[in-house]
Amino acid sequence: MSASTVLIVDHDCDRRKRLATLFKEAGFLPVALESGRMARQAVRTAAAVGIYLRLDLPGLDHRSLESALEPEPVTPESLTAVERRHIEGVLRHTGGNRSRAATLLGISRSTLIAKIRRYDIEG
């Protein structure tokens with residue numbers, strides 16, 4: 001298991017080092033940054049589990065940082081796509097055994113076969 005990333009943003013070098021040491025000792029992967037501009041960039045690209053951020057940093061654009069922290073809207077999948085993917089996963093799980101797959105899905109074997117044909121699922 002890899003360590004989770006924590007962003008540390010503070011213009012005080014000594015404080016950054018102390019915090020980085022504490023997070024590293026706690027099993028995290030600290031990424032220490034010194035400026036708001038660097039924070040804005042890192043927040044957009046890093047998959048961090050946490051952020052220590054000095055809000056009084058020079059050059060920190062709070063609106064840009066807030067928009068970088070907003071989750072990107074996700075286009076939902078169609079129910080058909082979700083059902084097809086789920087059936088494929090259950091069939092992989094059962095090694096292609098349609099009777100077991102139907103039981104796990106809570107449908108009859110004939111209904112499963114009809115869905116396999118409808119979605120053109122191989123196997």
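A few remarks follow.
- Placing a pseudo-label 7 Å from each Cα along the Cα-to-Cβ vector at TYR119 and GLU83 gives an inter-label distance of 0.9 nm.
- Each peptide in 95-108, 4-17 receives the mean, over its residues, of other Cβ atoms within 10 Å, and ordering these scores from highest gives 4-17, 95-108.
- Spin-label model, CYS13/ARG92: points 7 Å from Cα along the beta carbon direction are separated by 5.0 nm.
- Label-to-label distance, nm, for residues given as THR75 and ASP56 (7 Å Cα→Cβ offset): 4.6
- Shape of the stretch 79-118, Cα gyration tensor, a/c cut at 1.5: oblate
- Residues with amide H under 5 Å from that of ALA32, placed H, sequence gap 5 or more: ILE8
Bear in mind these aren't lab numbers, they're just calculated from the coordinates by the rules spelled out. What you are looking at is a predicted structure, and each value in this text was computed from that prediction instead of being measured. Don't worry about glycine lacking a Cβ; one is built from the backbone with ideal geometry, like all the others, and counts go over all protein chains shown.
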